[in-house]
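The values are calculated or read from the model by the stated rules, or taken from the named source; none is laboratory data. As the structure is a prediction and not an experimental result, all values here were calculated from the model. With ideal geometry, Cβ positions are generated from the backbone for all residues, glycine too; neighbour counts draw on all protein chains shown.
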Amino acid sequence: MRSYKKIFLILFIFFLKIPTAYSVNNIAYIDMEFIIKNSNMGKIVLNKIKNKNNENLEKLKQKESELKTKEDNIKSKKNILSKEELDKEIIELNKLLNKLREEKNTMVKEISLMKDRELNNFYKELNPIIQSYMEEKNIDILLDRKNIFIGKSNSNITESILKIINK
């Protein structure tokens with residue numbers, strides 16, 4: 001029993017002597033979506049993507065209206081044309097519909113690639129600015145706001161970075 005008390009006393013003293021670890025890392029966070037939507041460079045990138053998307057939508061609407069006209073034309077001739085001629089026109093219309101779907105898929109892929117490329121270029125230009133700000137303010141870790149549940153508002157450096165970018 002006495003040995004248990006000694007061992008307990010030694011372990012108790014040993015654990016009291018262990019220093020407590022304190023973190024001195026300076027951590028901040030930034031809202032990248034806000035930067036993209038509100039910075040001058042980000043607005044240019046978003047407008048470029050939006051304009052290309054609108055241009056593609058107009059082309060698709062025009063082709064869809066042409067196909068709709070052809071479909072209505074076939075429907076109006078339905079009782080006049082022979083079955084073989086009607087089938088030929090329906091097959092031709094289906095080919096045009098498939099071609100339109102392929103064009104639409106191609107346009108979607110192009111927009112996606114363009115968006116990725118433009119945003120990557122934006123981030124490449126933004127990265128040195130953020131790096132220099134982090135060195136200047138002695139920030140060790142920078143996180144994106146969407147990955148943070150809650151944080152102090154003075155750890156948010158979004159507005160400061162936005163001002164620097166817009167200069």
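Structure summary
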quantity: Residue in the range 85-101 that is loosely packed, with under 13 Cβ neighbours inside 10 Å, basic (Lys, Arg) and in contact with a strand residue (DSSP E or B) (Cβ under 9 Å, 6 or more places away or on another chain) present; calculated: no
quantity: Per-region count, the range 55-88, residues part of a helix (DSSP H, G or I), more than 17 Å from Leu100 (Cα to Cα) and β-branched (Val, Ile, Thr); calculated: 1
quantity: Count of the range 24-48 residues which are buried (at least 16 other Cβ atoms within 10 Å of the Cβ) and of a type in the set (A, V, I, L, M); calculated: 7
quantity: Flag if Lys104 is in contact with a Lys or Arg (Cβ under 8 Å, 6 or more places away or on another chain), of a type in the set (Lys, Arg) and at pLDDT 85 or above; calculated: no
quantity: Filtered residue count, the range 126-167, keeping only those that are modelled with pLDDT under 85 and among the aromatic types (Phe, Trp, Tyr); calculated: 1
quantity: Identity of the residue in the range 102-143, hydroxyl-bearing (Ser, Thr, Tyr) and exposed (fewer than 14 other Cβ atoms within 10 Å of the Cβ), that ends up farthest from Asn53 (Cα to Cα); calculated: Ser132
